[in-house]
């Protein structure tokens with residue numbers, strides 16, 4: 001017998017649920033194959049040329065004064081010992097010189113050609129899937145109704161931030177996307193994801209030949225190579241926060257809604273049967 005204290009809201013359509021899970025798969029494989037590609041030249045620069053003396057980021061094996069090999073990550077001139085994870089890790093029970101460890105890349109062995117195949121294939125799936133999501137969301141007004149921040153929400157942004165810091169989550173009909181969630185989703189959907197796709201395309205010689213102006217837009221070839229990694233890690237950060245909020249605000253209810261579309265909320269006093 002149905003719980004009369006709860007009512008059900010159809011929150012996500014089949015298209016939204018499908019594109020969501022395809023994005024999860026694509027992003028995971030893009031990150032892991034992208035790290036494989038990065039391992040082939042584990043350094044990032046800004047501008048048109050590679051200034052090997054002053055990279056923005058570099059990950060490599062170095063040696064101590066005693067001659068012991070260690071992993072060293074350099075970021076904006078600062079050095080960190082990252083032995084065991086970055087720069088020097090283990091593969092098949094042997095220490096190896098690798099920027100990112102084998103467990104974090106596709107394939108696990110150092111194989112640039114295969115990594116590029118995986119990356120390119122799932123990059124196109126991600127692009128097509130994202131375009132489908134965006135067109136569908138515009139046509140059905142999902143973006144305007146569920147994701148774009150409302151004017152009245154801006155007035156309560158302070159209290160919303162406080163609720164997030166205190167891990168206080170609204171229930172019932174108030175369990176809607178708040179201003180922080182809406183701004184985050186809009187930035188991810190309309191800024192970070194398109195930027196990742198465009199900068200990735202700029203790395204293609206064919207795209208460069210057809211649209212050479214893209215390199216100028218992104219500040220040069222090395223800048224266009226750096227930006228996809230930056231945007232990808234911002235997306236990864238968003239995913240970690242997103243998953244944490246799912247776990248803390250009701251994991252079963254949230255997962256069920258993204259699988260079946262139905263979200264359960266507490267019934268308000270005096271509310272009729274659905």
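The values are calculated or read from the model by the stated rules, or taken from the named source; none is laboratory data. Bear in mind the structure is a predicted one, so any value in this text is a computation, not a measurement. No Cβ is skipped: glycine too gets one built from the backbone with ideal geometry, and neighbour counts run over all protein chains shown.
Going through the stretch 194-206 one residue at a time, which ones are surrounded by 14 or more Cβ atoms within 10 Å (Cβ to Cβ) and part of a helix (DSSP H, G or I)?
194, 195, 196, 197, 198, 199, 200, 201, 202
Report yes if residue 191 is exposed (fewer than 14 other Cβ atoms within 10 Å of the Cβ), assigned to a helix (DSSP H, G or I), in the same structural domain as residue 157 (by TED's automatic domain parsing) and at pLDDT 90 or above, otherwise no.
In short, yes.
Yes or no: residue 181 at pLDDT 80 or above and within 18 Å of the chain's Cα centre (by Cα)?
Numbers: at pLDDT 80 or above: yes; within 18 Å of the chain's Cα centre (by Cα): yes.
So residue 181 fits the description; yes.
Given the criteria in contact with a helix residue (DSSP H, G or I) (Cβ under 9 Å, 6 or more places away or on another chain), within 28 Å of residue 193 (Cα to Cα) and assigned to a helix (DSSP H, G or I), does residue 18 qualify?
Working: in contact with a helix residue (DSSP H, G or I) (Cβ under 9 Å, 6 or more places away or on another chain): yes; within 28 Å of residue 193 (Cα to Cα): yes; assigned to a helix (DSSP H, G or I): yes.
Yes; evaluated as a whole, the condition is true for this residue.
From (1) surrounded by 16 or more Cβ atoms within 10 Å (Cβ to Cβ); (2) within 19 Å of residue 237 (Cα to Cα), pick out the condition that doesn't hold for residue 21.
Of (1) surrounded by 16 or more Cβ atoms within 10 Å (Cβ to Cβ); (2) within 19 Å of residue 237 (Cα to Cα), only one is false for residue 21: (1).
For residues that are exposed (fewer than 15 other Cβ atoms within 10 Å of the Cβ) and modelled with pLDDT under 85, tally how many sit in the stretch 126-154.
5
Tell me, please, whether a residue that is in a loop (DSSP other than H, G, I, E, B), farther than 29 Å from residue 217 by Cβ and free of Cβ contacts under 8 Å to residues at least 12 places away in the same chain can be found in the stretch 88-96.
Yes, some residue in the stretch 88-96 is in a loop (DSSP other than H, G, I, E, B), farther than 29 Å from residue 217 by Cβ and free of Cβ contacts under 8 Å to residues at least 12 places away in the same chain.
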